[in-house]
Amino acid sequence: MDSIIIQGGGELQGQIPIAGAKNACLTLMPATLLSEEPLTLTNVPRLSDIATMSQLLQSLGAEVSSLADGQVVAMSSHGADNPVADYEIVRKMRASNLVLGPLLARHGRAVVSLPGGCAIGARPMDLHIHGLEALGAKIELKDGYLHADAPKGLKGARIALRFASVGATENIMMAASLAKGTTELVNAAREPEIVDLANCLRAMGAEIEGAGSGTITIEGVDRLHGATHPVIADRIELGTYMLAPVIAGGEVELLGGRIGLLESFCEKLDEAGISVSETKNGLRVSCKNGRVRAVNVKTGVFPGFPTDLQAQMMALLCTADGESVLEETIFENRFMHAPELIRMGAQIDVQGGTATVTGVERLKGAPVMATDLRASVSLILAALAAEGETVVSRVYHLDRGYERVEEKLGACGARIERVKT
């Protein structure tokens with residue numbers, strides 16, 4: 001099992017290219033199941049989660065080829081005839097549940113295991129089930145699998161989500177694209193990944209309006225055709241690397257980044273005294289005046305502060321000037337990185353869904369353990385500025401969402417290496 005070793009204390013200077021969005025790509029890949037014609041994605045991130053989704057699609061009968069050093073994925077589902085998504089694959093990754101809607105729309109039947117992924121609390125399927133049942137599916141849970149049937153096909157409906165779930169919005173959009181009639185999805189998620197999915201589906205012939213707003217309208221069509229679609233930049237990777245030069249010191253340009261992907265996050269950085277400016281090729285980030293100011297953070301659905309950047313922000317605030325309060329409103333159990341940061345000298349008090357962070361002058365290197373994807377990278381960020389050596393173990397979590405971290409940070413001067421343990 002790999003570990004990452006970081007020697008703290010050096011400033012960062014240089015450029016970091018931002019990869020395609022993991023969360024967008026994992027949504028776009030199942031869209032191939034909606035058509036018998038090829039779907040090709042470009043700007044694909046080179047991550048283990050992408051390999052897992054490829055494996056899942058292949059198990060369903062799709063053809064998946066990785067090209068251009070993994071940055072292009074060509075798919076064809078003309079022979080996809082297996083509607084069963086097996087637990088042994090689905091358990092590895094939460095996004096596996098996104099095959100449910102396409103399988104149901106294509107085959108009128110789907111058997112999908114309940115998903116896995118990071119252990120950051122319950123992320124139930126009830127909203128997915130509610131939306132697909134409104135389209136006419138019958139769904140029951142048996143032996144850990146969702147058994148969905150729509151023998152007469154799916155029909156458009158008005159669906160109001162009680163929570164703006166990204167996954168449920170995506171599953172419903174894909175299923176409704178082949179349903180008969182009009183579907184109106186109310187309180188839909190507004191994330192850039194939703195807009196990216198809508199753009200891809202439209203390129204395949206779907207009729208979708210309103211993506212990026214709270215109401216999305218889908219007019220079902222008889223069939224979708226093939227397309228080639230570029231994956232948008234990963235806003236979570238972008239936000240993560242925006243914090244790196246602030247924590248370590250220095251100045252870094254993030255190639256392919258733009259403020260529009262992370263407006264609420266950028267506003268919070270400005271409040272903390274961090275300079276973010278747009279360049280010809282992306283964003284440039286540096287700290288304005290030494291130690292950052294303490295700020296309060298409350299996660300929320302888009303366009304609020306992203307829950308996937310909460311752990312990284314906590315790492316920054318561990319050495320901020322003053323006391324910060326972070327409130328997590330999306331997932332429970334998402335402060336599991338706090339005890340590891342405390343091992344490095346941070347002062348953090350967690351009470352339920354709220355963490356109070358009192359900034360210290362400096363963190364100290366220590367052996368720490370990654371507990372989930374975003375927690376793992378928060379420990380690497382903290383280690384960049386810590387005194388001495390930090391060893392981060394269980395970094396297989398990291399490889400699910402960040403491509404070649406040690407290469408990207410190392411190119412900017414970080415003393416970081418991956419080792420086999």
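Each reported figure results from applying straightforward, stated rules to the coordinates on display, with no laboratory input. No experiment lies behind these values; they were computed from the predicted model shown. Note: ideal-geometry Cβ built from the backbone for every residue, glycine included; neighbour counts use all protein chains shown.
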### Projected-area mean, the stretch 55-209, by convex hull of Cα positions, square nanometres
9.5 nm²
### Message
Output needed for the chain: three equivalent-ellipsoid semi-axes, defined as square roots of 5 times the C-alpha gyration tensor eigenvalues, in descending order, whole Å.
### Response
38, 21, 20
### Query
Cross-link list LYS142/LYS420; LYS92/LYS408; LYS92/LYS420; LYS22/LYS298; LYS180/LYS298; LYS288/LYS364: which exceed 32 angstrom alpha carbon to alpha carbon?
LYS142/LYS420; LYS180/LYS298
### Query
Using the per-residue mean of other Cβ atoms lying within 10 Å as a proxy for protection, in what order, highest first, do the peptides 212-220, 239-247 fall?
239-247, 212-220
### Task
Sticking with the crude label model, points 7 Å out along Cα→Cβ, report the distance from SER277 to LYS420 in nm, one decimal please.
4.6 nm
### Query
Once the Cα gyration tensor of the stretch 226-340 is found, what semi-axes does its equivalent ellipsoid get, as square roots of 5 times the eigenvalues, in whole Å, sorted largest first?
23, 20, 12
### Query
Please state the Cα pair-distance histogram of the stretch 340-421 with 5 angstrom bins from zero: what percent is in each bin?
3, 14, 23, 26, 18, 10, 4, 1
### Task
Decide, for the stretch 2-112, between rounded, prolate and oblate: order the square roots of the alpha carbon gyration tensor eigenvalues as a ≥ b ≥ c, take rounded if a/c falls under 1.5, and otherwise choose prolate if a/b is larger than b/c, else oblate.
prolate
### Task
Using label points projected 7 Å from each Cα along Cα→Cβ, tell me how many nm separate ARG404 and GLN55, to one decimal.
2.3 nm
### Query
Separation of the stretch 223-251 and the stretch 269-285 by C-alpha centroid, Å?
15 Å
### Query
In nanometres, what is the gap between the two model label sites at VAL221 and VAL72, each 7 Å from Cα along Cα-to-Cβ?
2.4 nm
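Per 0.36 nm of contour for each residue apart, how much would the distance between THR182 and LYS364 grow if the chain were fully extended, relative to their Cα-Cα spacing?
Numbers: separation 182, 0.36 × 182 = 65.52 nm, distance 5.77 nm.
Extra length available between THR182 and LYS364 comes to 59.8 nm.
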## Note on the structure
Expected unfolding gain across ILE342-ILE259 under the 0.36 nm per residue rule, minus the alpha-carbon gap, is 26.7 nm
### Between the stretch 128-190 and the stretch 320-399, the alpha-carbon center distance in angstrom
37 Å
### CD proxy at 222 nm, helix term only [per DSSP H run n ≥ 4: -39500 (n - 2.57); per residue of the chain; nearest 500]
-8000 deg cm²/dmol
